[in-house]
1. Enter the Cα centre distance for the pair the stretch 139-156 and the stretch 168-189, rounded to the nearest angstrom.
2. Could you list which residues have their amide H under 5 Å from that of Val239, counting only those 5 or more apart in sequence or on another chain, with H placed in the peptide plane?
3. Strictly greater than 16 Å: what percent of every Cα pair in the stretch 146-246 meets that?
4. What is the sum of charges around Ala172, taking Lys and Arg as +1, Asp and Glu as -1, for the other residues whose C-beta is under 13 Å from the C-beta of Ala172?
5. Would you mind checking the tilt of helix 32-88 against the longest principal axis of the Cα atoms of the chain, expressed as 0 to 90 degrees and rounded to 10?
6. Using the alpha-carbon centroid of each, what span in Å lies between the stretch 42-63 and the stretch 194-246?
7. Can you give the percent of C-alpha pairs in the stretch 66-113 whose distance is more than 17 Å?
8. I'd like to know which of Val44, Ser19, Pro32 lies farthest towards the positive end of the charge dipole of the stretch 1-91, counting +1 on Cβ of Lys and Arg and -1 on Cβ of Asp and Glu.
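The values are calculated or read from the model by the stated rules, or taken from the named source; none is laboratory data. Because the structure is predicted, anything quoted here is derived from the model rather than measured. Here the Cβ positions follow ideal geometry from the backbone for every residue, glycine too, while neighbour counts run over all protein chains shown. Surface areas here come from the heavy atoms of the whole protein model, side chains and all, with no ligands, DNA or RNA. Shrake-Rupley method; radii C 1.70, N 1.55, O 1.52, S 1.80 Å.
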Amino acid sequence: MKAAPAAQKRLLDLAELDSALDRLAHRRRTLPELAQIDELSARVARIAPQVIAAETESGDLAREQTKAEADVDSVRIRAERDQKRLDSGQVSSPKDLASLQSEIASLTRRQGDLEDVVLEIMERREAADAQVAKLVAERDELTGTRGVAEDRRDAVFAEIDKEKDEVQRRRAEVEKDIPADLLALYGKLREQFGVGAAMLQGGRCLGCRTSLSIAEINRIKAASHDEVIRCEECRRILVRTAESGL
Ligand SMILES: [Zn+2]
């Protein structure tokens, strides 16, 4: 392949811009915020079912309390009704009076027992509500911290993307100076090796840092200026400049 020396030198500018793009992509991929967000999301995911379980327990206890309070009410209403009958003086037979008084006493005891049940449920419900509040606060703190990390990530992403746009704009300019076949070869080598072209500096390939043999140097010296040279060691395009030591 042949290409004007000036076009070959432009490959070095292209390689430099491509390295900048690689660095930006690497920075985007390895942003510490990404790992932090993943970790926080995992913790939020772990706590979510715990919140649901605690809320379910609290809801169950609330229903249990309503039912127990209704039981207290129904016993209290029966006792009040009996008390009214007793107070009305309509019941006159001593046997009926005794039976009514005994029922009132029994209902009063029953009401007391049921009120104890309500109190016990209320205590359990209080503990369950406290657990809900604790877990919700923990979850909210995690999502809050994650939100801050996401904002930081987005800010850095925007910065990186802006820089990337600028590098790509400059890259498009450089590409204009390079013939299509040379550009295609460079692209293929970049895909294969990460870097498609390297400078020959002081008899050394800067792509693989190998010092070329005397025979190799002589072969390059003998080649015409527009010949596209490849490094024998790393196969990259070797660009000759004033610093090449030829
Ligand atoms: Zn090399």
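1. 40
2. Here the answer is Ala198, Met199, Leu200, since their amide H atoms fall under 5 Å of that of Val239.
3. Cα-Cα pairs in the stretch 146-246 separated by more than 16 Å: 66 percent.
4. The answer is -1.
5. That works out to roughly 10 degrees.
6. Centre-to-centre distance over Cα atoms comes out at 67 Å.
7. The calculated P(r) of the stretch 66-113 puts 34 percent of pairs beyond 17 Å.
8. Ser19
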